[in-house]
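Step one of this worksheet: look at the structure below.
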2 protein chains.
Amino acid sequence: MTLIEPFNTILDMQHGTLQPAGQVIQRRLSDMRNMYFDRSAYEQIMAEEGDRLIYEVYNAPELPKTEDQLLHCTTLIYPGRVGQEFHMTKGHFHAKRDRAEVYVGLSGKGHLLLQTEEGTVRDIAIRPGTVAYIPPLWAHRTVNTGDQPFSFLSVWPGDAGHDYDSIEKTGFAKLLLEQEGQAVLVDNPKFHR
Amino acid sequence: MTLIEPFNTILDMQHGTLQPAGQVIQRRLSDMRNMYFDRSAYEQIMAEEGDRLIYEVYNAPELPKTEDQLLHCTTLIYPGRVGQEFHMTKGHFHAKRDRAEVYVGLSGKGHLLLQTEEGTVRDIAIRPGTVAYIPPLWAHRTVNTGDQPFSFLSVWPGDAGHDYDSIEKTGFAKLLLEQEGQAVLVDNPKFHR
């Protein structure tokens, strides 16, 4: 087994960045074409405003994607909505379903939505200092329900992998919508298993 | 596979506690009888002051100790010294050596000492916002080099386990001592492999 050198990064708890970062991922509205409920709001933003930046992921320096490692990153979701639906991440299962993850809220306010393959949903509010546990088998998506950037730190095993396709195909069974200034969890009429 | 319910805890970033906690562990000076270098300073504290509280561990609510889970806790090391040697944790290898860990500095100032089975040592300074990576195969100990409580969050795999005995037997190859107001890393004359 190769000996890996210990290292550290610096977490900016106010802005949600990790420095020095490894791979930085930017997700724009067009990367989530099929994920927002309101297709006409999506088309209107694309036509009038362009391809809006929804969120960024700052990965820690690269590590082997093996079960003995712990990968970690920060995610920063910019505030905003597509129609009534708050900005959110794509959401995924772990490709290896029996892998967990730990989230630590850093800045802003948001929600963690979790969903099993059977469509059972859980909703955990995340504020700075909230530590959320994503057990094995639960898909997870985060949603910025505030008017400031929402950021959090994630830690997960190196062999977990990402399965975005399952969630893209079925959607989440619940949506977080803005209704009269509140974030309201409602059934997703487009959800299908 | 049993479906575990998602949960969250609240991290007090200023005080280093996790609420609601699962098991809370207190380590006192007598729990570390053979670990501090200066035996006469140890005996003097025990005789004059009693069995001093060195550090506390706030574990997250209990999870199965299996490879699919991620355990997490906070550790809070009170400031102080035993002779010249700063308050520290016992330090351990993972029983399953090929298991990693992630630390996030919360409050105070300290150091993370890492050591391989061959006695190679690394030293990482930890401040609030420092994210340190403990790769597989490295034993790890934390040291409070400040005059305030030093706390950090840890995340590690459920099947990692703790091997305290190996480190208790050999010691760490380096000590962090207070010398003229500075934290200085020096060779441990008592270290033996």
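Residue B:120: open to solvent by less than 10 Å² (accessible area, probe 1.4 Å), at pLDDT 95 or above and within 14 Å of chain A (Cβ to nearest Cβ), yes or no? Against the criterion (open to solvent by less than 10 Å² (accessible area, probe 1.4 Å), at pLDDT 95 or above and within 14 Å of chain A (Cβ to nearest Cβ)), residue B:120 does not qualify.
When region A:163-187 is limited to residues that are part of a loop (DSSP other than H, G, I, E, B) and more than 17 Å from residue A:54 (Cβ to Cβ), the one that is least open to solvent (accessible area, probe 1.4 Å) turns out to be A:173.
Taken over region A:147-156, residues that are open to solvent by 10 Å² or more (accessible area, probe 1.4 Å) and part of a strand (DSSP E or B) amount to 1. Looking across region B:125-146 at every residue that is in a strand (DSSP E or B) and facing chain A (nearest Cβ under 7 Å), the one that is farthest from residue A:9 (Cα to Cα) is identified as B:134. Of all the residues in region A:96-117, those that are surrounded by fewer than 21 Cβ atoms within 10 Å (Cβ to Cβ) and not in a strand (DSSP E or B) number 6.
Pairs meeting the criteria (first residue in region B:12-38 and touching a residue at least 40 places away in the same chain (Cβ under 8 Å), second residue assigned to a loop (DSSP other than H, G, I, E, B) and charged (D, E, K, R), beta carbons under 8 Å, at least 6 apart or on different chains) are B:22/B:62; B:27/B:90; B:29/B:51; B:29/B:52; B:31/B:90; B:32/B:90; B:35/B:90; B:37/B:190. For the subset of region B:62-95 comprising residues that are among the charged types (D, E, K, R) and at the interface with chain A (Cβ under 9 Å from one of its Cβ atoms), which member is surrounded by the most Cβ atoms within 10 Å (Cβ to Cβ)? In this case the residue turns out to be B:68. The residue of region A:29-60 that is least open to solvent (accessible area, probe 1.4 Å), among those that are closer than 30 Å to residue A:11 by Cβ and of a type in the set (Val, Ile, Thr), is A:54.
Among the residues of region B:142-167, the ones that are touching a residue at least 24 places away in the same chain (Cβ under 8 Å) and either under 30 Å from residue B:68 (Cβ atoms) or touching a helix residue (DSSP H, G or I) at 6+ places or on another chain (Cβ under 8 Å) (or both) come to 17 in all.
What's the total number of residues in region A:150-162 that are away from chain B (no Cβ under 13 Å) and either over 13 Å from the mean Cα position of the chain (by Cα) or under 20 Å from residue B:156 (Cβ atoms) (or both)?
Result for region A:150-162: 1.
Note on region B:131-172: residues that are of a type in the set (Val, Ile, Thr) and farther than 22 Å from residue B:120 by Cα total 1.
Taking into account only those residues within region A:100-117 that are of a type in the set (Gly, Ala, Ser) and within 11 Å of another protein chain (Cβ to nearest Cβ), which is nearest to residue A:56 (Cα to Cα)?
The first filter runs over region A:100-117 and keeps only residues of a type in the set (Gly, Ala, Ser), leaving A:100, A:105, A:107-108, A:110.
With the extra rule that they be within 11 Å of another protein chain (Cβ to nearest Cβ), the set shrinks to A:100, A:105.
On the way: A:100: 22, A:105: 15 Å.
Checking each candidate, the answer is A:105.
The values are calculated or read from the model by the stated rules, or taken from the named source; none is laboratory data. Please read these numbers as outputs of a predicted model, since none were measured by experiment. Here the Cβ is made from the backbone with ideal geometry for all residues, glycine too, and neighbour counts use every protein chain on show. What goes into the accessible areas is simple: the full protein's heavy atoms, side chains included, and nothing from ligands, DNA or RNA. Shrake-Rupley method; radii C 1.70, N 1.55, O 1.52, S 1.80 Å.
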